[in-house]
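Single-structure report; data block below.
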Amino acid sequence: METILDAPFMVELIRTTTNMYDHGWDERNGGNISLLVDEEELARYLDVSHPLRSIPTGFDAPTLDGRCFLVTGTGKYFKNVQYDPENNLGVIRVTDSGRTAELLWGYADGGSFTSELPAHLMSHAVRLAENPANRVIMHCHPANLLAMTFVHDLDERAFTRTLWQMCTECMIVFPDGIGVLPWMLCGTNEIGEATAEKMRRSRLVVWGQHGIYGAGADLDETFGLIETAEKAAEIYLKIAQMPILQTITDDELREIADWFHVTPREGYLDLA
Ligand code: 13P
Ligand code: ZN
């Protein structure tokens, strides 16, 4: 049997956690990732018929029964994942209408999946219903987006429009906009439900004074989504205190959308 440490999905996830740490998005144990992996693929590396242990999740996710995920561990540091994947990561299979996670590999020191599993699995369920190719939910704490939640109106139309205006690429990368939640207690089912609800409409969700969630078909795409929004937030913070002499107009945002064949979130552009 091949070693799971050489599996392409494992190599890519480890590279991604390292890259996110290097971007300064994941201080200490900040951030978490869940990646949907097909059980048939896992069976090339693991004996999937013998779970190591079962861990209660504390919530329901009936549409995910039988689905397997590679998930970062709670309290684990992204900077360490590359050196010790088996302690910092785990592979789980969701069973029992989502109430139980069977551990197939990892969390070798007795650890467990991220405390944000409710937001991850509830968001996976919603995104899979929208797009069966969705595989990734990613959470991190990028400084500029986080800072923006202190000084910008948290209305998500206003927040989205500001980001769209900061770089031409934003409309192309996230025409569906960005959902915004006010500060809420993290790690709870409530913030998980609220995040998943926002994920129905947009693949990015900001948590006020905390961080961001992104969803996508693969790790690269999801990383790029967050990276683009974070760049826009950085530009906003650089210019917010200066007189603005020109910006990207709504007509120009529409022009970008038409040229790149993307559909802006309905009602988010003011058109003459
Ligand atoms: P975990 O260490 O449980 O993944 O939590 C980190 C985090 O970012 C909480 O929002
Ligand atoms: Zn967090």
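Rule-based calculations on the coordinates, nothing more; no lab input. From a predicted model like this one, the values you see are computed outputs, not experimental measurements. Don't worry about glycine lacking a Cβ; one is built from the backbone with ideal geometry, like all the others, and counts go over all protein chains shown.
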Problem set entry | Test: residue in the stretch 108-129 that is within 20 Å of Asn189 (Cβ to Cβ), aliphatic (A, V, I, L, M) and outside any helix (DSSP H, G or I) | no
Exercise. Taking the stretch 166-210 as the region of interest, how many residues are among the small types (Gly, Ala, Ser), within 14 Å of ligand 1 (Cβ to nearest atom) and touching a Phe, Trp or Tyr at 6+ places or on another chain (Cβ under 8 Å)?
Worked result: 2
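Go through the stretch 16-54 and report how many residues are of a type outside the set (Phe, Trp, Tyr), assigned to a helix (DSSP H, G or I) and touching a residue at least 24 places away in the same chain (Cβ under 8 Å). Spell out the reasoning first.
In the first step, residues of the stretch 16-54 are kept if they are of a type outside the set (Phe, Trp, Tyr); the result is 16-20, 22-24, 26-44, 46-54.
Then drop every residue that is not assigned to a helix (DSSP H, G or I), which leaves 16-20, 22, 39-42.
Now drop any that are not touching a residue at least 24 places away in the same chain (Cβ under 8 Å), which leaves 16-20, 39, 41-42.
Adding up the residues that qualify gives 8.
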For this session: Give the residues of the stretch 53-62 that are crowded, with 16+ Cβ neighbours inside 10 Å and among the hydroxyl-bearing types (Ser, Thr, Tyr), sorted by residue number.
Result: Thr57
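To keep it simple, each residue is scored yes or no on (1) under 29 Å from Glu234 (Cα atoms); (2) within 13 Å of ligand 1 (Cβ to nearest atom); (3) aromatic (Phe, Trp, Tyr).
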{"residue": "Trp105", "(1), (2), (3)": "no, no, yes"}
{"residue": "Ser112", "(1), (2), (3)": "no, yes, no"}
{"residue": "Ala129", "(1), (2), (3)": "no, no, no"}
{"residue": "Pro132", "(1), (2), (3)": "no, no, no"}
{"residue": "Cys140", "(1), (2), (3)": "yes, yes, no"}
{"residue": "Phe150", "(1), (2), (3)": "yes, no, yes"}
Exercise. Considering only the stretch 210-224, how many residues are over 19 Å from Thr114 (Cβ atoms) and within 11 Å of ligand 2 (Cβ to nearest atom)?
Worked result: 0
Exercise. Can you find even one residue in the stretch 67-81 that is surrounded by 16 or more Cβ atoms within 10 Å (Cβ to Cβ) and more than 16 Å from ligand 1 (Cβ to nearest atom)?
Worked result: yes
Problem set entry | Cβ-Cβ under 8 Å pairs, at least 6 apart or on other chains, the stretch 227-251 side charged (D, E, K, R), far side loosely packed, with under 13 Cβ neighbours inside 10 Å | Asp250/Asp270; Asp250/Leu271; Asp251/Leu271; Asp251/Ala272
Exercise. Which one is nearest to Thr222 (Cα to Cα), of the residues in the stretch 116-155 that are of a type in the set (D, E, K, R) and either within 16 Å of ligand 2 (Cβ to nearest atom) or surrounded by fewer than 21 Cβ atoms within 10 Å (Cβ to Cβ) (or both)?
Worked result: Glu130
For this session: Kindly list, by first and then second residue, each pair from a residue in the stretch 140-168 that is more than 30 Å from Thr72 (Cα to Cα) to a residue that is within 16 Å of ligand 1 (Cβ to nearest atom), limited to pairs with Cβ atoms under 9 Å and residues at least 6 apart or on different chains.
Result: none
For this session: Could you please tell me which pairs satisfy a Cβ distance under 8 Å, a separation of 6+ or placement on different chains, a first residue in the stretch 182-194 that is free of Cβ contacts under 8 Å to residues at least 40 places away in the same chain, and a second residue that is part of a loop (DSSP other than H, G, I, E, B)?
Result: Pro182/Leu154; Pro182/Gly208; Trp183/Gly208; Trp183/Gln209; Trp183/His210; Met184/Gly208; Glu190/Met184; Ala194/Met184
Exercise. Out of (1) touching a residue at least 60 places away in the same chain (Cβ under 8 Å); (2) more than 14 Å from ligand 1 (Cβ to nearest atom); (3) under 15 Å from Val136 (Cα atoms); (4) surrounded by 19 or more Cβ atoms within 10 Å (Cβ to Cβ), what's the single condition that is false for Glu12?
Worked result: (4)
For this session: Return the only residue of Ala61, Ala43 being more than 16 Å from ligand 1 (Cβ to nearest atom), under 19 Å from the mean Cα position of the chain (by Cα) and among the aliphatic types (A, V, I, L, M).
Result: Ala61
Problem set entry | Residues that are of a type in the set (D, E, K, R), surrounded by 14 or more Cβ atoms within 10 Å (Cβ to Cβ) and under 19 Å from Glu156 (Cβ atoms), drawn from the stretch 232-272 | Asp250, Arg265
For this session: Scan the stretch 160-174 for residues that are closer than 26 Å to Tyr21 by Cβ and crowded, with 19+ Cβ neighbours inside 10 Å and jot them down.
Result: Leu163, Met166, Cys170, Val173, Phe174
